[in-house]
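Data block below; observations after.
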Amino acid sequence: MNVLIIYATGTVTGTIFDNTDINKIPIGCYYLASYLRKNNINTELLYFLNMSDCDYILEFIKKYNPDIIGFSSFLFNHKFLMELTLKIKEANPNIKIVLGGIHATILHRELIEEHKQLDALLRGEAEKSFLELVRSGFKEEAMQQINGLTWRHENMVFVNPDSIPTKNLDEFPSPVHHGFNYNFISTSRGCPGKCTFCGAPKISGRLVRLRSSEHIYKELRELKYTYGVSYFEFMDDTFCANKTRVIDLCQRIIDSKLAIQWHVRNRVNFIDWDMFQLMKKAGCVQISYGVESGSQRILNALNKQTKTQQISEAFALTKACGIKTRMYIIHCGAMENIRSLISNIWTITKCYPDLILLYQLQIFPGTQLYDTAVEQGLIEKDIWKRQSHVTYPSGNPLLFDILHKFITVFYKLTSMSQRLFNKRN
Ligand code: B12
Ligand code: SF4
(Lines give C-alpha, C1' and ligand atoms only; values in the text may rest on other atoms or scores of the structure.)
(Ligands and ions follow the chains in the order given, each with its own letter.)
Protein backbone atom coordinates (compact mmCIF):
# COMPACT_ATOMS: atom_id res chain seq x y z
CA MET A 1 0.00 0.00 0.00
CA ASN A 2 1.50 3.33 -1.08
CA VAL A 3 0.29 6.52 0.55
CA LEU A 4 1.06 10.08 -0.51
CA ILE A 5 0.37 13.07 1.70
CA ILE A 6 0.33 16.29 -0.27
CA TYR A 7 0.43 19.94 0.71
CA ALA A 8 -0.40 21.97 -2.40
CA THR A 9 -0.98 25.70 -2.16
CA GLY A 10 -1.94 26.57 -5.74
CA THR A 11 -0.71 29.91 -6.98
CA VAL A 12 -1.05 32.44 -4.24
CA THR A 13 -1.01 35.89 -5.76
CA GLY A 14 -2.96 39.06 -5.33
CA THR A 15 -4.13 38.14 -1.84
CA ILE A 16 -3.40 39.93 1.38
CA PHE A 17 -1.60 36.78 2.53
CA ASP A 18 2.07 36.71 3.20
CA ASN A 19 3.35 33.84 1.05
CA THR A 20 6.16 33.05 3.43
CA ASP A 21 3.71 31.57 5.94
CA ILE A 22 1.68 29.79 3.30
CA ASN A 23 4.84 28.17 1.97
CA LYS A 24 5.60 26.46 5.27
CA ILE A 25 4.65 22.79 5.30
CA PRO A 26 2.04 22.24 8.02
CA ILE A 27 3.54 20.26 10.88
CA GLY A 28 0.33 18.18 10.93
CA CYS A 29 1.39 16.62 7.59
CA TYR A 30 4.69 15.53 9.14
CA TYR A 31 2.82 13.98 12.07
CA LEU A 32 0.50 12.05 9.78
CA ALA A 33 3.34 10.77 7.61
CA SER A 34 5.45 9.78 10.63
CA TYR A 35 2.61 7.88 12.27
CA LEU A 36 1.98 5.91 9.09
CA ARG A 37 5.69 5.21 8.64
CA LYS A 38 5.93 4.06 12.27
CA ASN A 39 3.19 1.58 11.43
CA ASN A 40 5.07 0.31 8.38
CA ILE A 41 2.92 1.99 5.75
CA ASN A 42 4.95 3.14 2.76
CA THR A 43 4.36 6.91 2.94
CA GLU A 44 5.78 9.94 1.16
CA LEU A 45 5.11 13.60 1.84
CA LEU A 46 5.11 15.91 -1.19
CA TYR A 47 4.60 19.63 -1.37
CA PHE A 48 3.89 21.93 -4.30
CA LEU A 49 4.29 25.53 -3.26
CA ASN A 50 2.98 28.57 -5.08
CA MET A 51 2.26 26.69 -8.29
CA SER A 52 -0.93 25.49 -9.93
CA ASP A 53 0.26 23.37 -12.84
CA CYS A 54 -1.95 20.30 -12.31
CA ASP A 55 -0.32 18.38 -15.18
CA TYR A 56 3.12 18.79 -13.65
CA ILE A 57 1.81 17.59 -10.28
CA LEU A 58 0.06 14.67 -11.98
CA GLU A 59 3.29 13.54 -13.66
CA PHE A 60 5.08 13.79 -10.35
CA ILE A 61 2.41 11.74 -8.56
CA LYS A 62 2.58 8.96 -11.17
CA LYS A 63 6.18 8.21 -10.18
CA TYR A 64 5.00 7.18 -6.71
CA ASN A 65 2.18 4.94 -7.91
CA PRO A 66 0.01 5.78 -4.89
CA ASP A 67 -3.07 3.85 -3.78
CA ILE A 68 -4.20 6.69 -1.52
CA ILE A 69 -3.51 10.41 -1.61
CA GLY A 70 -4.30 12.62 1.38
CA PHE A 71 -4.48 16.40 1.01
CA SER A 72 -4.22 19.02 3.72
CA SER A 73 -6.97 21.58 3.24
CA PHE A 74 -7.38 25.21 4.22
CA LEU A 75 -9.74 27.87 2.96
CA PHE A 76 -7.00 29.45 0.86
CA ASN A 77 -6.17 26.26 -1.14
CA HIS A 78 -9.52 24.47 -1.33
CA LYS A 79 -10.47 25.71 -4.80
CA PHE A 80 -7.14 24.55 -6.21
CA LEU A 81 -7.46 21.20 -4.41
CA MET A 82 -10.86 20.57 -5.99
CA GLU A 83 -9.40 21.20 -9.43
CA LEU A 84 -6.34 19.05 -8.76
CA THR A 85 -8.21 16.12 -7.18
CA LEU A 86 -10.65 16.04 -10.11
CA LYS A 87 -7.76 15.74 -12.55
CA ILE A 88 -6.13 13.01 -10.47
CA LYS A 89 -9.37 11.01 -10.35
CA GLU A 90 -9.90 11.43 -14.10
CA ALA A 91 -6.35 10.23 -14.78
CA ASN A 92 -6.62 7.26 -12.40
CA PRO A 93 -10.02 6.43 -10.85
CA ASN A 94 -8.42 3.73 -8.66
CA ILE A 95 -6.56 6.23 -6.50
CA LYS A 96 -8.50 6.95 -3.32
CA ILE A 97 -8.64 10.64 -2.52
CA VAL A 98 -8.82 11.75 1.11
CA LEU A 99 -9.07 15.26 2.48
CA GLY A 100 -8.11 16.36 6.01
CA GLY A 101 -7.23 19.48 7.97
CA ILE A 102 -9.29 22.44 9.15
CA HIS A 103 -11.27 23.12 5.96
CA ALA A 104 -12.28 19.48 5.54
CA THR A 105 -13.18 19.25 9.23
CA ILE A 106 -15.57 22.18 9.05
CA LEU A 107 -17.10 21.63 5.62
CA HIS A 108 -16.87 17.83 5.27
CA ARG A 109 -20.48 17.27 4.31
CA GLU A 110 -20.70 20.05 1.70
CA LEU A 111 -17.38 19.03 0.17
CA ILE A 112 -18.13 15.33 -0.21
CA GLU A 113 -21.63 15.99 -1.51
CA GLU A 114 -20.46 18.41 -4.17
CA HIS A 115 -17.17 16.84 -5.24
CA LYS A 116 -17.61 13.27 -6.44
CA GLN A 117 -13.84 12.79 -6.78
CA LEU A 118 -13.48 12.80 -2.98
CA ASP A 119 -13.69 9.33 -1.45
CA ALA A 120 -13.37 10.29 2.20
CA LEU A 121 -12.70 13.18 4.57
CA LEU A 122 -11.20 12.88 8.02
CA ARG A 123 -12.29 15.39 10.62
CA GLY A 124 -10.09 16.65 13.46
CA GLU A 125 -6.73 15.21 14.46
CA ALA A 126 -6.19 12.25 12.21
CA GLU A 127 -3.02 10.23 12.92
CA LYS A 128 -4.98 7.23 14.22
CA SER A 129 -8.03 7.54 11.98
CA PHE A 130 -5.91 7.90 8.83
CA LEU A 131 -4.01 4.74 9.74
CA GLU A 132 -7.33 2.93 10.30
CA LEU A 133 -8.59 4.16 6.95
CA VAL A 134 -5.46 3.02 5.14
CA ARG A 135 -5.72 -0.39 6.82
CA SER A 136 -9.45 -0.64 6.03
CA GLY A 137 -8.66 -0.99 2.34
CA PHE A 138 -11.77 1.22 1.88
CA LYS A 139 -14.01 -1.75 2.67
CA GLU A 140 -17.49 -0.73 3.78
CA GLU A 141 -17.63 -2.70 7.01
CA ALA A 142 -14.27 -1.45 8.24
CA MET A 143 -15.02 2.13 7.25
CA GLN A 144 -18.15 2.16 9.37
CA GLN A 145 -15.97 1.73 12.46
CA ILE A 146 -13.68 4.73 11.87
CA ASN A 147 -14.49 7.74 14.01
CA GLY A 148 -14.12 11.17 12.43
CA LEU A 149 -14.72 9.78 8.93
CA THR A 150 -17.10 11.26 6.36
CA TRP A 151 -17.28 8.95 3.35
CA ARG A 152 -19.05 7.95 0.24
CA HIS A 153 -20.37 4.49 -0.60
CA GLU A 154 -22.42 3.79 -3.71
CA ASN A 155 -23.40 7.43 -4.05
CA MET A 156 -24.48 7.69 -0.42
CA VAL A 157 -22.69 9.91 2.09
CA PHE A 158 -22.03 8.67 5.63
CA VAL A 159 -20.90 10.79 8.57
CA ASN A 160 -19.39 8.65 11.34
CA PRO A 161 -19.24 9.90 14.96
CA ASP A 162 -16.45 12.34 15.86
CA SER A 163 -13.08 10.98 16.86
CA ILE A 164 -11.80 11.59 20.37
CA PRO A 165 -8.52 13.55 20.43
CA THR A 166 -5.61 11.52 21.78
CA LYS A 167 -4.85 12.45 25.41
CA ASN A 168 -1.21 11.39 25.54
CA LEU A 169 0.55 13.30 22.75
CA ASP A 170 3.83 11.52 23.51
CA GLU A 171 2.25 8.52 21.78
CA PHE A 172 2.92 10.20 18.44
CA PRO A 173 6.49 9.91 17.23
CA SER A 174 8.34 13.17 16.61
CA PRO A 175 8.56 13.54 12.82
CA VAL A 176 12.35 13.80 13.06
CA HIS A 177 12.41 10.06 13.97
CA HIS A 178 10.96 9.32 10.56
CA GLY A 179 13.25 11.33 8.36
CA PHE A 180 11.79 14.85 8.49
CA ASN A 181 13.80 18.02 8.93
CA TYR A 182 11.91 21.08 10.22
CA ASN A 183 12.13 23.78 12.86
CA PHE A 184 8.48 24.25 13.84
CA ILE A 185 7.67 22.54 17.08
CA SER A 186 4.16 21.80 18.24
CA THR A 187 4.13 21.09 21.99
CA SER A 188 0.42 21.02 22.74
CA ARG A 189 -2.98 20.63 21.16
CA GLY A 190 -6.38 22.04 22.05
CA CYS A 191 -7.37 25.49 23.23
CA PRO A 192 -9.95 26.57 25.81
CA GLY A 193 -10.21 30.01 24.13
CA LYS A 194 -13.34 31.17 22.36
CA CYS A 195 -11.96 33.89 20.09
CA THR A 196 -14.69 34.61 17.55
CA PHE A 197 -12.28 34.63 14.57
CA CYS A 198 -10.51 31.34 15.25
CA GLY A 199 -11.49 27.83 14.21
CA ALA A 200 -8.71 26.06 16.10
CA PRO A 201 -10.88 24.39 18.79
CA LYS A 202 -12.92 22.74 16.00
CA ILE A 203 -9.84 20.68 15.06
CA SER A 204 -8.35 19.87 18.43
CA GLY A 205 -11.11 20.59 20.94
CA ARG A 206 -11.01 22.77 24.03
CA LEU A 207 -9.09 20.42 26.30
CA VAL A 208 -5.41 21.36 26.33
CA ARG A 209 -3.10 18.37 26.02
CA LEU A 210 0.61 18.86 26.57
CA ARG A 211 3.57 16.87 25.35
CA SER A 212 6.02 16.12 28.14
CA SER A 213 9.13 18.26 28.42
CA GLU A 214 11.24 15.13 27.99
CA HIS A 215 9.57 14.29 24.66
CA ILE A 216 10.01 17.86 23.39
CA TYR A 217 13.63 17.98 24.54
CA LYS A 218 14.45 14.75 22.70
CA GLU A 219 12.91 16.16 19.52
CA LEU A 220 15.00 19.35 19.75
CA ARG A 221 18.15 17.36 20.43
CA GLU A 222 17.54 15.00 17.53
CA LEU A 223 16.84 17.87 15.13
CA LYS A 224 19.99 19.63 16.27
CA TYR A 225 22.31 16.64 16.07
CA THR A 226 20.80 15.02 12.97
CA TYR A 227 20.13 18.06 10.81
CA GLY A 228 22.02 20.88 12.54
CA VAL A 229 18.83 22.83 13.28
CA SER A 230 19.63 25.44 15.91
CA TYR A 231 16.71 27.89 15.60
CA PHE A 232 13.24 26.70 16.57
CA GLU A 233 9.73 28.16 16.59
CA PHE A 234 7.28 26.85 19.14
CA MET A 235 3.93 27.19 17.44
CA ASP A 236 1.33 26.82 20.16
CA ASP A 237 -0.51 29.66 21.86
CA THR A 238 -0.40 27.81 25.12
CA PHE A 239 3.35 27.05 25.32
CA CYS A 240 3.75 29.21 28.46
CA ALA A 241 0.46 28.11 30.07
CA ASN A 242 2.11 25.42 32.17
CA LYS A 243 5.00 27.01 34.05
CA THR A 244 6.34 23.73 35.47
CA ARG A 245 6.68 22.22 32.02
CA VAL A 246 8.42 25.31 30.61
CA ILE A 247 10.86 25.41 33.52
CA ASP A 248 11.63 21.71 33.19
CA LEU A 249 12.24 22.00 29.43
CA CYS A 250 14.47 25.06 29.87
CA GLN A 251 16.45 23.31 32.59
CA ARG A 252 17.08 20.33 30.29
CA ILE A 253 18.27 22.65 27.50
CA ILE A 254 20.56 24.56 29.87
CA ASP A 255 21.96 21.48 31.65
CA SER A 256 22.74 19.72 28.37
CA LYS A 257 24.27 22.89 26.82
CA LEU A 258 22.14 22.29 23.74
CA ALA A 259 22.99 25.80 22.50
CA ILE A 260 19.85 26.58 20.53
CA GLN A 261 17.81 29.72 19.99
CA TRP A 262 14.05 29.78 19.88
CA HIS A 263 10.95 31.84 19.57
CA VAL A 264 7.53 31.29 21.18
CA ARG A 265 4.02 32.57 20.77
CA ASN A 266 2.32 33.55 23.98
CA ARG A 267 -0.83 35.04 25.39
CA VAL A 268 -0.48 38.24 27.41
CA ASN A 269 -1.99 36.52 30.45
CA PHE A 270 0.71 33.82 30.71
CA ILE A 271 3.63 35.86 32.01
CA ASP A 272 6.05 35.20 34.82
CA TRP A 273 9.39 36.77 35.72
CA ASP A 274 11.17 33.55 36.83
CA MET A 275 9.88 31.60 33.84
CA PHE A 276 10.99 34.31 31.36
CA GLN A 277 14.43 34.56 33.02
CA LEU A 278 14.99 30.84 32.57
CA MET A 279 13.60 30.92 29.03
CA LYS A 280 16.11 33.62 28.16
CA LYS A 281 18.92 31.49 29.59
CA ALA A 282 17.73 28.50 27.56
CA GLY A 283 17.89 30.44 24.30
CA CYS A 284 14.50 32.14 23.95
CA VAL A 285 15.17 35.24 21.84
CA GLN A 286 11.66 36.39 21.02
CA ILE A 287 8.10 36.17 22.30
CA SER A 288 5.21 36.91 19.95
CA TYR A 289 1.97 38.15 21.44
CA GLY A 290 -1.35 37.89 19.64
CA VAL A 291 -2.37 41.29 20.97
CA GLU A 292 -4.97 41.78 18.20
CA SER A 293 -6.04 45.24 19.37
CA GLY A 294 -5.29 48.00 21.84
CA SER A 295 -9.00 48.73 22.12
CA GLN A 296 -10.88 46.94 24.90
CA ARG A 297 -14.08 47.24 22.86
CA ILE A 298 -12.53 45.32 19.96
CA LEU A 299 -10.92 42.74 22.28
CA ASN A 300 -14.35 42.11 23.78
CA ALA A 301 -15.93 41.88 20.33
CA LEU A 302 -13.35 39.26 19.37
CA ASN A 303 -13.93 37.52 22.72
CA LYS A 304 -10.18 37.51 23.23
CA GLN A 305 -10.62 37.39 27.04
CA THR A 306 -7.69 39.69 27.68
CA LYS A 307 -7.43 43.18 29.13
CA THR A 308 -5.46 46.06 27.63
CA GLN A 309 -3.66 46.42 30.97
CA GLN A 310 -2.29 42.85 30.54
CA ILE A 311 -0.83 43.81 27.15
CA SER A 312 1.43 46.53 28.52
CA GLU A 313 2.42 44.36 31.50
CA ALA A 314 3.40 41.48 29.22
CA PHE A 315 5.56 43.68 26.99
CA ALA A 316 7.23 45.41 29.95
CA LEU A 317 8.10 42.10 31.62
CA THR A 318 9.37 40.46 28.43
CA LYS A 319 11.63 43.41 27.64
CA ALA A 320 12.88 43.57 31.23
CA CYS A 321 13.99 39.95 30.82
CA GLY A 322 15.96 40.87 27.70
CA ILE A 323 13.69 39.00 25.27
CA LYS A 324 12.61 40.63 22.01
CA THR A 325 8.90 41.19 21.44
CA ARG A 326 6.66 40.78 18.44
CA MET A 327 3.13 42.19 18.35
CA TYR A 328 0.34 40.89 16.10
CA ILE A 329 -2.39 43.43 15.44
CA ILE A 330 -5.60 42.66 13.59
CA HIS A 331 -7.34 45.54 11.87
CA CYS A 332 -11.02 44.75 12.19
CA GLY A 333 -12.45 46.64 9.20
CA ALA A 334 -15.89 48.05 9.90
CA MET A 335 -15.53 47.42 13.65
CA GLU A 336 -12.78 50.05 13.84
CA ASN A 337 -13.33 53.74 14.60
CA ILE A 338 -11.17 56.72 15.46
CA ARG A 339 -11.04 55.69 19.14
CA SER A 340 -9.76 52.19 18.35
CA LEU A 341 -7.18 53.71 15.99
CA ILE A 342 -5.93 55.93 18.80
CA SER A 343 -5.91 52.96 21.20
CA ASN A 344 -3.80 50.94 18.75
CA ILE A 345 -1.32 53.79 18.27
CA TRP A 346 -1.16 54.31 22.03
CA THR A 347 -0.59 50.59 22.69
CA ILE A 348 2.20 50.36 20.11
CA THR A 349 3.91 53.46 21.49
CA LYS A 350 3.61 52.27 25.07
CA CYS A 351 4.69 48.67 24.44
CA TYR A 352 7.40 49.58 21.95
CA PRO A 353 7.57 46.13 20.27
CA ASP A 354 10.61 45.08 18.24
CA LEU A 355 8.37 43.88 15.44
CA ILE A 356 4.73 44.55 14.57
CA LEU A 357 2.69 42.45 12.17
CA LEU A 358 -0.51 44.05 11.00
CA TYR A 359 -3.23 41.83 9.50
CA GLN A 360 -6.73 42.44 8.30
CA LEU A 361 -9.43 40.43 10.02
CA GLN A 362 -10.21 37.27 8.05
CA ILE A 363 -13.43 35.34 8.34
CA PHE A 364 -13.12 31.55 8.23
CA PRO A 365 -16.02 29.11 7.93
CA GLY A 366 -16.73 27.38 11.22
CA THR A 367 -15.94 30.41 13.34
CA GLN A 368 -18.42 32.43 15.36
CA LEU A 369 -17.39 35.49 13.37
CA TYR A 370 -18.42 33.78 10.12
CA ASP A 371 -21.83 32.78 11.49
CA THR A 372 -22.50 36.27 12.84
CA ALA A 373 -21.39 37.91 9.59
CA VAL A 374 -23.82 35.63 7.70
CA GLU A 375 -26.65 36.46 10.15
CA GLN A 376 -25.96 40.17 9.80
CA GLY A 377 -25.99 39.89 6.02
CA LEU A 378 -22.35 40.99 5.75
CA ILE A 379 -21.35 37.89 3.76
CA GLU A 380 -23.16 35.10 1.93
CA LYS A 381 -23.23 31.70 3.65
CA ASP A 382 -21.44 29.95 0.81
CA ILE A 383 -18.92 32.69 0.04
CA TRP A 384 -16.14 30.15 0.81
CA LYS A 385 -17.02 28.30 -2.39
CA ARG A 386 -16.04 31.28 -4.51
CA GLN A 387 -13.30 33.01 -2.53
CA SER A 388 -9.96 31.78 -1.24
CA HIS A 389 -9.97 34.35 1.52
CA VAL A 390 -12.73 36.42 3.06
CA THR A 391 -11.80 39.71 4.69
CA TYR A 392 -14.14 41.28 7.25
CA PRO A 393 -16.02 44.10 5.49
CA SER A 394 -13.92 47.23 5.54
CA GLY A 395 -15.14 50.39 7.16
CA ASN A 396 -13.33 53.67 6.64
CA PRO A 397 -10.18 52.73 4.61
CA LEU A 398 -8.42 55.78 6.04
CA LEU A 399 -8.28 54.15 9.48
CA PHE A 400 -6.27 51.22 8.10
CA ASP A 401 -4.02 53.51 6.04
CA ILE A 402 -3.20 55.72 9.02
CA LEU A 403 -2.37 52.72 11.22
CA HIS A 404 -0.26 51.17 8.47
CA LYS A 405 1.65 54.42 7.92
CA PHE A 406 2.09 54.93 11.63
CA ILE A 407 3.66 51.46 11.95
CA THR A 408 5.99 52.13 8.99
CA VAL A 409 7.17 55.45 10.48
CA PHE A 410 7.42 53.86 13.93
CA TYR A 411 9.77 51.25 12.48
CA LYS A 412 11.94 53.77 10.74
CA LEU A 413 12.27 55.82 13.91
CA THR A 414 12.93 52.85 16.18
CA SER A 415 15.53 51.33 13.87
CA MET A 416 17.19 54.75 13.54
CA SER A 417 17.32 55.21 17.31
CA GLN A 418 18.55 51.60 17.63
CA ARG A 419 21.39 52.33 15.21
CA LEU A 420 22.34 55.50 17.10
CA PHE A 421 22.20 53.61 20.38
CA ASN A 422 24.40 50.81 19.02
CA LYS A 423 26.90 53.39 17.73
CA ARG A 424 27.15 55.12 21.11
CA ASN A 425 27.66 51.79 22.89
C1 B12 B 1 0.93 27.04 13.95
C2 B12 B 1 -0.01 27.56 12.89
C3 B12 B 1 0.55 28.08 11.74
C4 B12 B 1 2.04 28.01 11.43
C5 B12 B 1 2.30 26.61 10.82
C6 B12 B 1 3.66 26.11 11.09
C7 B12 B 1 3.81 24.73 10.56
N8 B12 B 1 4.83 24.51 9.78
O9 B12 B 1 3.01 23.86 10.85
C10 B12 B 1 2.20 29.14 10.37
C11 B12 B 1 2.45 30.46 11.08
C12 B12 B 1 3.28 28.94 9.34
C13 B12 B 1 0.78 29.14 9.82
C14 B12 B 1 0.50 29.46 8.53
C15 B12 B 1 -0.80 29.56 8.09
N16 B12 B 1 -1.93 29.48 8.82
CO17 B12 B 1 -2.01 28.78 10.58
N18 B12 B 1 -2.26 28.01 12.24
C19 B12 B 1 -1.42 27.50 13.08
C20 B12 B 1 -2.17 26.93 14.30
C21 B12 B 1 -2.10 27.94 15.45
C22 B12 B 1 -1.67 25.56 14.77
C23 B12 B 1 -1.53 24.52 13.65
C24 B12 B 1 -0.82 23.33 14.18
O25 B12 B 1 0.40 23.26 14.20
N26 B12 B 1 -1.56 22.34 14.69
C27 B12 B 1 -1.00 21.10 15.20
C28 B12 B 1 -1.01 20.04 14.08
C29 B12 B 1 -0.46 18.73 14.60
O30 B12 B 1 -2.37 19.85 13.71
P31 B12 B 1 -2.92 20.18 12.24
O32 B12 B 1 -1.96 20.92 11.43
O33 B12 B 1 -4.28 20.70 12.35
O34 B12 B 1 -3.00 18.70 11.60
C35 B12 B 1 -3.86 17.69 12.08
C36 B12 B 1 -5.29 17.73 11.46
O37 B12 B 1 -5.68 18.97 10.94
C38 B12 B 1 -5.28 16.66 10.44
N39 B12 B 1 -4.80 16.95 9.10
C40 B12 B 1 -4.10 17.98 8.60
N41 B12 B 1 -3.81 17.79 7.29
C42 B12 B 1 -4.34 16.60 6.94
C43 B12 B 1 -4.32 15.90 5.73
C44 B12 B 1 -4.94 14.66 5.68
C45 B12 B 1 -4.92 13.88 4.43
C46 B12 B 1 -5.61 14.12 6.82
C47 B12 B 1 -6.28 12.82 6.75
C48 B12 B 1 -5.63 14.84 8.02
C49 B12 B 1 -4.99 16.06 8.07
O50 B12 B 1 -4.38 15.70 11.01
C51 B12 B 1 -3.27 16.39 11.58
C52 B12 B 1 -2.64 15.57 12.67
O53 B12 B 1 -3.54 15.33 13.71
C54 B12 B 1 -3.61 26.79 13.70
C55 B12 B 1 -4.72 26.86 14.71
C56 B12 B 1 -4.84 25.49 15.37
N57 B12 B 1 -4.61 25.45 16.68
O58 B12 B 1 -5.10 24.51 14.70
C59 B12 B 1 -3.64 27.94 12.67
C60 B12 B 1 -4.53 27.81 11.44
C61 B12 B 1 -4.47 26.40 10.93
N62 B12 B 1 -3.87 28.68 10.48
C63 B12 B 1 -4.68 29.29 9.70
C64 B12 B 1 -4.28 30.06 8.57
C65 B12 B 1 -5.35 30.88 7.88
C66 B12 B 1 -2.96 30.04 8.12
C67 B12 B 1 -2.42 30.68 6.84
C68 B12 B 1 -3.30 30.57 5.61
C69 B12 B 1 -2.12 32.12 7.22
C70 B12 B 1 -1.42 32.99 6.20
N71 B12 B 1 -1.89 34.18 6.10
O72 B12 B 1 -0.47 32.63 5.58
C73 B12 B 1 -1.11 29.87 6.66
C74 B12 B 1 -1.43 28.49 5.97
C75 B12 B 1 -0.26 27.66 5.56
C76 B12 B 1 0.33 26.68 6.55
N77 B12 B 1 1.45 26.18 6.14
O78 B12 B 1 -0.17 26.32 7.59
C79 B12 B 1 -6.13 29.03 10.06
C80 B12 B 1 -6.81 28.17 9.00
C81 B12 B 1 -8.23 28.60 8.76
C82 B12 B 1 -8.82 27.98 7.52
N83 B12 B 1 -10.06 27.59 7.62
O84 B12 B 1 -8.20 27.89 6.50
C85 B12 B 1 -6.00 28.39 11.50
C86 B12 B 1 -7.03 27.32 11.84
C87 B12 B 1 -6.10 29.54 12.54
C88 B12 B 1 -7.40 30.32 12.42
N89 B12 B 1 -7.30 31.58 12.09
O90 B12 B 1 -8.48 29.83 12.62
N91 B12 B 1 -0.12 28.67 10.74
S1 SF4 C 1 -6.82 32.58 18.68
FE2 SF4 C 1 -5.50 31.36 20.01
S3 SF4 C 1 -6.45 31.62 22.05
FE4 SF4 C 1 -8.03 32.23 20.57
S5 SF4 C 1 -9.22 30.33 20.22
FE6 SF4 C 1 -7.62 30.45 18.62
S7 SF4 C 1 -5.92 29.23 19.40
FE8 SF4 C 1 -7.27 29.70 21.15
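Things worth noting here:
- Test: residue in segment 395-414 that is assigned to a loop (DSSP other than H, G, I, E, B), assigned by TED's automatic domain parsing to the domain that holds LYS194 and touching a residue at least 24 places away in the same chain (Cβ under 8 Å): yes
- Strands (runs of 3 or more DSSP E) fully within segment 111-180 counting 1 or more residues that are exposed (fewer than 15 other Cβ atoms within 10 Å of the Cβ) and touching a strand residue (DSSP E or B) at 6+ places or on another chain (Cβ under 9 Å): 156-159
- Looking across segment 361-383, the residues that are in contact with a helix residue (DSSP H, G or I) (Cβ under 7 Å, 6 or more places away or on another chain) and more than 16 Å from ligand 2 (Cβ to nearest atom) come down to ILE379, LYS381.
- When every residue of segment 175-190 is checked against the conditions, none turns out to be within 10 Å of ligand 1 (Cβ to nearest atom) and in the same structural domain as LEU36 (by TED's automatic domain parsing).
A quick yes/no check of all residues on (1) closer than 18 Å to LYS405 by Cβ; (2) surrounded by 19 or more Cβ atoms within 10 Å (Cβ to Cβ); (3) without any contact (Cβ under 8 Å) to a residue 24 or more places away in the chain; (4) out of contact with any Pro (no Cβ under 7 Å at 6 or more places or on another chain):
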{"position": "ILE311", "(1), (2), (3), (4)": "no, yes, no, yes"}
{"position": "PHE315", "(1), (2), (3), (4)": "no, yes, no, no"}
{"position": "LYS319", "(1), (2), (3), (4)": "no, no, no, yes"}
{"position": "THR325", "(1), (2), (3), (4)": "no, yes, no, no"}
{"position": "TYR328", "(1), (2), (3), (4)": "no, no, no, yes"}
{"position": "HIS331", "(1), (2), (3), (4)": "yes, yes, no, yes"}
{"position": "ARG339", "(1), (2), (3), (4)": "no, no, no, yes"}
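- When ASN23 is tested against the conditions (1) free of Cβ contacts under 8 Å to residues at least 60 places away in the same chain; (2) within 21 Å of the chain's Cα centre (by Cα); (3) more than 16 Å from ligand 2 (Cβ to nearest atom); (4) buried (at least 17 other Cβ atoms within 10 Å of the Cβ), the lone failure is (4).
- Residue in segment 231-239 that is of a type in the set (Asp, Glu), under 20 Å from the mean Cα position of the chain (by Cα) and surrounded by fewer than 20 Cβ atoms within 10 Å (Cβ to Cβ) present: yes
- Test: residue in segment 375-383 that is surrounded by 17 or more Cβ atoms within 10 Å (Cβ to Cβ) and in contact (Cβ under 8 Å) with a residue 60 or more places away in the chain: no
- Pick from segment 195-252, criterion touching a residue at least 12 places away in the same chain (Cβ under 8 Å), polar (S, T, N, Q) and not in a loop (DSSP other than H, G, I, E, B), ranking: farthest from HIS178 (Cα to Cα): GLN251
- Residue among PHE60, PHE71, PHE76 that alone is aromatic (Phe, Trp, Tyr), more than 16 Å from ligand 2 (Cβ to nearest atom), part of a loop (DSSP other than H, G, I, E, B) and closer than 30 Å to GLU219 by Cβ: PHE76
- Residue in segment 215-227 that is away from ligand 2 (no atom under 16 Å from the Cβ), surrounded by fewer than 17 Cβ atoms within 10 Å (Cβ to Cβ) and closer than 28 Å to VAL291 by Cβ present: no
The values are calculated or read from the model by the stated rules, or taken from the named source; none is laboratory data. What you see is a predicted model, and the numbers here were worked out from it, not measured in a lab. Quick reminder, even Gly has a Cβ in these numbers, built from the backbone with ideal geometry, and neighbours come from all protein chains shown.
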